[in-house]
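A short worksheet on the structure shown next.
No value in this document is a laboratory result; all are computed from the given coordinates. What you see is a predicted model; the values in this text were computed from it and never measured. Neighbour counts run over all protein chains shown; Cβ positions are idealised from the backbone, glycine included.
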Amino acid sequence: MPFTIERNDLSAIEVDAIVVAANERLQITGGVGLTVALAAGFDELQAACDEIGFCPCGSAVATPAFELSAKVVIHAVGPVWHGGERGEADFLRSAYDAALECAYAEGAHSVALPLISAGTYGFPADVSLAVARESIRAFLNRHDDVDVRLVLYSRESVTAGMAAYLDIAEYIDNCYVESYSEWRSIVLEAPSVHAPRPMATNAPEPQAHRAKRRCSLFQQIGEAIGDARDRRKETAGESTDDGAATMPAMAAAAPAPAGAANLEDLLDSLDAPFSTTLLALIDERGMTDAQVYKRANMSRQLFSKIRSDADYRPTKKTALALAVALGLDLDETDDLLARAGFALSTSSKADVIVEYFIRTGNHDIFEINEALYAFDQPLL
């Protein structure tokens, strides 16, 4: 996965390059930088920094990683927050960009980094997270052969930086707290599968409507079977009552009226492979393969496997990531997931969070993954 967020000790991450925050004089003082330096060998790492001597704000330099499992340590100099009136966000973006490009120039294909200038440098969580996100996104658009890991000590920085956190929490409360027996009774007692779908985007769809839609295809198949049986009986002059006399053998072959639902058509639609459906959607939207796999936060190699194998069976998170990348609405997402044998579930907090973003029209997988991380759910 090209971009991930995780809670971990940066000094223990096994990657090619580890990024640490630094000051212009490259003196190792405290925080995450000190933790990494102690694991690398403080004296050796400080000596390497002293040899370089100076790095201006918004820039980055590389040193050997010494005792770390990484190949290099990238020292990124971020700004101190002064209220946002001195171009701090621009300097911070420059520091992220420089650090990632420096790592790439050193031959790194995997990079781990913290939130630069957060903590003692005083950057607000929402600004720091937004700058990191956009820098990483731009970097991965230029270099799709690199994995980037944003490594944090806690979830609070992401939680505090999410403008929609409270809305998502409320949406989860509305959708997620639902017992299996309540869901089952809705499905079994649903009188119709044709109820109109609510158009509101800020409120969750009534559970009854959602349950009806999810079982609609199977009900359509059942209705098609019943309709075909009734048509054959009517053609033979028999009652459509199940207790009627056996119909003649010739009547069984009677053609269905034009425009009537056809069981074979329904089954053909149901059996369309996931990969075939995906590629048709990509063509329909006029998107390139690169646009899709980058928006899906997916490696080029995995996407190539999906494209080349008509029988490819994705994981649920892969199918969801591709639905997000294509900008599908909720009905289209349900259909694509069904092609892979999956469905969104209100018993899954991760599913409810993804559904929230799809329903509100936000298909930014980086922001979706930030929300999943904040609520301690697996990322797409």
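Tell me, SER308, SER299, SER135 in order of fewest to most beta-carbon neighbours within 10 Å? If you can, show how the numbers build up before the last one.
Values: SER308 9, SER299 16, SER135 22.
Ranked by crowding around the Cβ, least crowded first: SER308, SER299, SER135.
Using 21 Å as the Cα-Cα cut-off, could you pick out the over-long pairs in LYS71/LYS317; LYS71/LYS294; LYS71/LYS305; LYS316/LYS349? Let's see the in-between values first.
Values: LYS71/LYS317 31 Å; LYS71/LYS294 26 Å; LYS71/LYS305 30 Å; LYS316/LYS349 14 Å.
Flagged as over cut-off: LYS71/LYS317; LYS71/LYS294; LYS71/LYS305.
Relative contact order for segment 3-161: what percent, with Cα pairs under 8 Å and sequence separation of 6 or more?
Dividing the mean separation by the residue count of segment 3-161 yields 29 percent.
Expressed as a whole number of Å, what is the distance separating the alpha-carbon centroids of segment 15-58 and segment 77-156?
Value for the Cα centre distance between the two parts: 16 Å.
Place a +1 charge on the Cβ of each Lys and Arg in segment 3-161 and a -1 charge on the Cβ of each Asp and Glu, then give the dipole magnitude about the Cα centre in debye, rounded to the nearest 20. Before the final figure, lay out each step's value.
Details: 10 positive and 22 negative charges, 74 e Å.
Here the size comes out at about 360 debye.
Give the calculated FRET efficiency between THR360 and ALA12 to the nearest 0.05, with a Förster radius of 35 Å applied to their Cβ-Cβ distance.
That gives a FRET efficiency of 0.45.
Give me the Å³ per residue figure for the convex hull around the C-alpha atoms of segment 3-161.
So the per-residue hull volume is 93 Å³.
Suppose the chain between ASP329 and ALA125 were pulled fully straight at 0.36 nm per residue; how much longer would it get relative to their current alpha carbon spacing?
Once the chain is fully extended between ASP329 and ALA125, it gains 70.4 nm.
Name the trypsin sites (Lys or Arg not before Pro) in segment 51-132 that are in a loop by DSSP and that have at most 15 other C-beta atoms within 10 Å, would you?
Hits after loop and neighbour filter: ARG86.
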